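Note sheet for the following structure.
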2 protein chains.
Amino acid sequence: MTNIEDPGSNKHFGSPPATVTPAKSTPAETGVRNQTAGTGFGVPGILRRWRREDLIKRGYLGLRGLSLLFSLLSFIIMASNKHGDWRQFDKYEEYRYLLAIGILGTIYTGLQAWRQVQELYTGKNLFRHQTSALVDFFGDQIMAYLFISAASSAVPLTNRMREGADNIFTDSSAASISMGFLAFLCLALSAMVSGYKLSTQSYV
Amino acid sequence: MTNIEDPGSNKHFGSPPATVTPAKSTPAETGVRNQTAGTGFGVPGILRRWRREDLIKRGYLGLRGLSLLFSLLSFIIMASNKHGDWRQFDKYEEYRYLLAIGILGTIYTGLQAWRQVQELYTGKNLFRHQTSALVDFFGDQIMAYLFISAASSAVPLTNRMREGADNIFTDSSAASISMGFLAFLCLALSAMVSGYKLSTQSYV
């Protein structure tokens, strides 16, 4: 799964066998190492890279799971927020917007989590690597923007209602908004990881 | 400014002079080329890379200018939106929020544009490359989130007001919100370019 395409490692293993001594380095190489701090050369560099990619992979799956959880909670809490009279979520456009984004987010993160778990267990990929990196990055980024937009638009209405009355309807709305914000945070982090994967094409 | 650290070009120019024939390629090299499609090898590859980096550089400066323009417009239109009685922006928290983000966005994009123009003309850099890439990416991304949050929160209030009365106050609010959304779009694109720069460290 992980292929090592470090420019530095190519340089080492491409040279004749007599010079493969990762512990020693010429002055020119030291200059290059200082310049691209963080990637590293030779065996320790590769090991560091593997460890970093492993961490990213596990963190990425965790973020997907959390996004799914939070968007599901946001959607369920808002959908069950009907208490008769004026305390019905479907009388307010802000709450309907948050519900719609909650449903969309649940479907998107559910499909993504299902695809990732499947890829992890079967080893087969649904899309080509480059396509899937593009889909991940744009999908995560757009869902993050939609979630922060929906949650922000619902905040002022809830604030104004709570000035008058503080009941189960406003509390449920506030809970749904909070879950929306948490889903936004997870998706924003996940978009950053996707962007890193897209630009390095490291196939983590 | 632009340093060429293509893994492939290293391979070409690192080999003995007798084999430097970019037009021909061994079967092994063709495999590598297919694998990393888009970067390319040899002189045409380097030229393509230069052209792409030049395009990104100019587009990036243009995006900065547009972000500055739109956030300035959003801030000025909202700040001058006082028409007496209930038609004053400072009576509504959504509009105050949009004004605050407009001011913050104007200051941020103004400083960034000033720094970039200075770097372009003097050739000197205020920060180290890695630091400036980090500041660019996180700054742009956070400002984009703030702008979409502020603009979305102000939309429902304006909608509700326009149902009752359609006057200069609601029109100015709508204009300010639109400018906020345009500033968000420019900043989101700019964050994508910053993210690309950050992960490739190509120093464009």
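The values are calculated or read from the model by the stated rules, or taken from the named source; none is laboratory data. Only a predicted model underlies this, so the values are computations on that prediction, with no experimental measurement involved. In this analysis, Cβ positions are derived from the backbone assuming ideal geometry, glycine residues included, and neighbour counts consider all displayed protein chains. The area values use the complete protein model at the heavy-atom level, side chains included, leaving out ligands, DNA and RNA. Shrake-Rupley method; radii C 1.70, N 1.55, O 1.52, S 1.80 Å.
A compact table of results
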{"read-out": "Qualifying residue in segment B:174-185 (condition: within 14 Å of another protein chain (Cβ to nearest Cβ), open to solvent by 60 Å² or more (accessible area, probe 1.4 Å) and within 12 Å of the chain's Cα centre (by Cα))", "value": "yes"}
{"read-out": "Of all residues making up segment B:138-152, the number that are more than 10 Å from chain A (Cβ to nearest Cβ) and not hydrophobic (A, V, I, L, M, F, W, C)", "value": "2"}
{"read-out": "Any chance residue B:166 is outside any helix (DSSP H, G or I), more than 11 Å from chain A (Cβ to nearest Cβ) and not polar (S, T, N, Q)", "value": "yes"}
{"read-out": "Residue match in segment B:76-86 (condition: open to solvent by less than 40 Å² (accessible area, probe 1.4 Å), in contact (Cβ under 8 Å) with a residue 60 or more places away in the chain and either touching a strand residue (DSSP E or B) at 6+ places or on another chain (Cβ under 7 Å) or assigned to a helix (DSSP H, G or I) (or both))", "value": "yes"}
{"read-out": "Which listed residue is of a type outside the set (Ser, Thr, Tyr), more than 10 Å from every other protein chain (Cβ to nearest Cβ) and assigned to a helix (DSSP H, G or I), from A:135, A:155", "value": "A:135"}
{"read-out": "Odd one out for residue A:98, checked against (1) among the hydrophobic types (A, V, I, L, M, F, W, C); (2) within 14 Å of chain B (Cβ to nearest Cβ); (3) free of Cβ contacts under 8 Å to residues at least 60 places away in the same chain", "value": "(3)"}
{"read-out": "Filter result (among the hydrophobic types (A, V, I, L, M, F, W, C) and at pLDDT 90 or above) within segment B:81-112", "value": "B:98, B:99, B:100, B:101, B:103, B:104, B:107, B:111"}
{"read-out": "Matching residues in segment A:170-204 - criterion: being over 21 Å from residue A:70 (Cβ atoms) and touching a residue at least 12 places away in the same chain (Cβ under 8 Å)", "value": "A:196, A:197, A:198, A:201, A:202, A:203, A:204"}
{"read-out": "Candidates A:123, A:110, filtered to the one that is touching a Leu at 6+ places or on another chain (Cβ under 7 Å), more than 14 Å from chain B (Cβ to nearest Cβ), among the small types (Gly, Ala, Ser) and farther than 20 Å from residue B:157 by Cα", "value": "A:110"}
{"read-out": "Filter result (within 16 Å of residue B:63 (Cα to Cα) and either of a type in the set (S, T, N, Q) or at pLDDT 90 or above (or both)) within segment B:115-130", "value": "B:116"}
{"read-out": "Residue A:142, sole failed condition from (1) free of Cβ contacts under 8 Å to residues at least 12 places away in the same chain; (2) surrounded by fewer than 17 Cβ atoms within 10 Å (Cβ to Cβ); (3) over 18 Å from the mean Cα position of the chain (by Cα); (4) within 25 Å of residue B:149 (Cα to Cα)", "value": "(3)"}
